[in-house]
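The values are calculated or read from the model by the stated rules, or taken from the named source; none is laboratory data. Predicted model only: the values in this text are computed from it and were never measured. Neighbour counts are summed over all protein chains in view; Cβ atoms, including those assigned to glycine, are modelled from backbone coordinates with ideal geometry. Accessible surface areas use protein heavy atoms only, side chains included; no ligands, DNA or RNA. Shrake-Rupley method; radii C 1.70, N 1.55, O 1.52, S 1.80 Å.
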Amino acid sequence: MTARVEVNGRRYAAPTAPTAVVCLDGCDPRYLDDAFERAIVPRMAEMAAQGVYALGRSQLPSFTNPNNLSIVTGAPPDVHGLPGNHCLALDGGEVQLDDPRFLRAPSIHARLHAAGLPVLAVTTKDKLRRLLAAGDVPCVSVERAGDIPIDGLDRASDALARPVPGIYDWEASPYALELGLALAERLGTRLLYVSLTDFVQHTEPPGSALSDRFLRRLDELVGAFLDRGWRLGLVADHGMNGKTTADGRPNVRYLSDALAAAGIAGSHVLLPITDPHVVHHAALGSACWVYVSDPADVARAAEAIAALAGVEEVLTGDAAARDLRLPRDRIGDLVVLADTDTVLGKTAAEHDLSALGAPLRSHGGRHEQAIPLLLSERPSPAGARLLAAGATNADVHHLLIGLEA
């Protein structure tokens, strides 16, 4: 088909060959750089040689939901509406941003699907499934592959002859790719999106045995797609850094405790990394919102937080909405970003650090914005200029099937 669609200010064409974009959740560029240097990922090295391997940037905050939505909409959070995994509701309660009603822009897949192109999305984490499915995009998750029907299958998992791994199993991400390929071939999919999970990256640094095992399997699956004629774009939603003290404990600044010590009452610290997967990060990331009940206390709250070691930036909500391109109504009076080694929490009593299965590795700030962009084909001259100017993960579909850069 020759469908052309406009999505969030950009134009896209139906791909001439089956095309897949894979979000390598939490894949800091250091994982791939190390793997390339030690020659353990030959198919991805082949991709880099024949296509493009470049450094890009994630959206801020560097969390999963806002960046996955930026990848599939080709737009920043102030367009698609999701600044984090959580926001504060009008009634003062915290709400997980996992429902399509929170979206303010359509995805590229939804618009091409409406134009008649066979599309598919597969996510490892179920928290993304309904968001990626917005606009009637067929979508399954690994977490629920055993009970979601698709295309005549009682269970999506029936497409593969092996058990569904758990969300805290390193094989969950490879399974998502296997499932995506099997279902795409069954459905005749022309545009596929697969979103992995960052359990391995939260658990292990580059060069570790588990990381190598994961990357080798990822490389084999990349090869399986290439051998079947797929065009590929590999990108990440965010990077990853160790966030521990010298003795291996999580390096946390508890902002609610700091505000209480400064005599500021009625504040609400919201951690937008929060999601159902506490073993990954114990809801500790390097960006958060702070709501201050008395407007007269905002400047004093900003001063108290900025004085904490490891706090790198304290922006007003207006400045953050403008400079970071966030929806103003879904962030706080203050937006706080931490440095490379630090995460932000509420109070020491509210975080169960015993749930962490390894020394804390997390993300959310500027220091986890660096991401890999790996394309199986060289882009157009306009795409090359976009890469040279500094592409973000919101540009990956544009580099593969965009009509203009």
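Report yes if some residue within the stretch 377-399 is farther than 30 Å from His109 by Cβ, surrounded by 18 or more Cβ atoms within 10 Å (Cβ to Cβ) and either modelled with pLDDT under 95 or within 18 Å of the chain's Cα centre (by Cα) (or both); otherwise report no. No, there is no match, as no residue in the stretch 377-399 is farther than 30 Å from His109 by Cβ, surrounded by 18 or more Cβ atoms within 10 Å (Cβ to Cβ) and either modelled with pLDDT under 95 or within 18 Å of the chain's Cα centre (by Cα) (or both). Every listed requirement among (1) modelled with pLDDT of 95 or more; (2) buried (at least 16 other Cβ atoms within 10 Å of the Cβ); (3) of a type in the set (S, T, N, Q) is met by Thr203 save one, (1).
Residue selection: Gly266 satisfies the criterion of being in contact with an Asp or Glu (Cβ under 8 Å, 6 or more places away or on another chain), open to solvent by 40 Å² or more (accessible area, probe 1.4 Å), farther than 22 Å from Thr340 by Cβ and small (Gly, Ala, Ser).
Scanning the stretch 45-70 for residues being open to solvent by less than 20 Å² (accessible area, probe 1.4 Å), over 16 Å from Lys127 (Cα atoms) and in a helix (DSSP H, G or I) gives a total of 1. From the list Leu179, Leu187, Leu191, the lone residue that is closer than 27 Å to Arg378 by Cβ and aliphatic (A, V, I, L, M) is Leu191. Scoring Met240 on the criteria (1) of a type in the set (A, V, I, L, M, F, W, C); (2) touching a His at 6+ places or on another chain (Cβ under 6 Å); (3) surrounded by fewer than 17 Cβ atoms within 10 Å (Cβ to Cβ) leaves a single failure, condition (3). Among residues belonging to the stretch 360-376 that are outside any strand (DSSP E or B) and farther than 20 Å from Leu324 by Cα, point out the one that is modelled with the lowest pLDDT. Of everything passing the filter in the stretch 360-376, Leu360 is modelled with the lowest pLDDT.
Looking for something closer than 16 Å to Thr342 by Cα and open to solvent by 50 Å² or more (accessible area, probe 1.4 Å) - is there at least one such residue anywhere in the stretch 281-291?
no
For the stretch 118-133, a residue qualifies if it is within 17 Å of Leu191 (Cα to Cα) and either open to solvent by 50 Å² or more (accessible area, probe 1.4 Å) or over 19 Å from the mean Cα position of the chain (by Cα) (or both), and the qualifying residues are Pro118, Val119. Take the conditions surrounded by fewer than 20 Cβ atoms within 10 Å (Cβ to Cβ) and under 22 Å from the mean Cα position of the chain (by Cα) and apply them to Asp169. Does it pass? Considered against the rule, which asks whether it is surrounded by fewer than 20 Cβ atoms within 10 Å (Cβ to Cβ) and under 22 Å from the mean Cα position of the chain (by Cα), Asp169 comes out as yes.
Just one of the listed residues (Asp98, Asp136, Asp78, Asp154) is free of Cβ contacts under 8 Å to residues at least 24 places away in the same chain and open to solvent by 10 Å² or more (accessible area, probe 1.4 Å), namely Asp154.
Scanning the stretch 172-200 for residues that are open to solvent by 10 Å² or more (accessible area, probe 1.4 Å), in contact (Cβ under 8 Å) with a residue 40 or more places away in the chain and in a helix (DSSP H, G or I) yields a total of 5.
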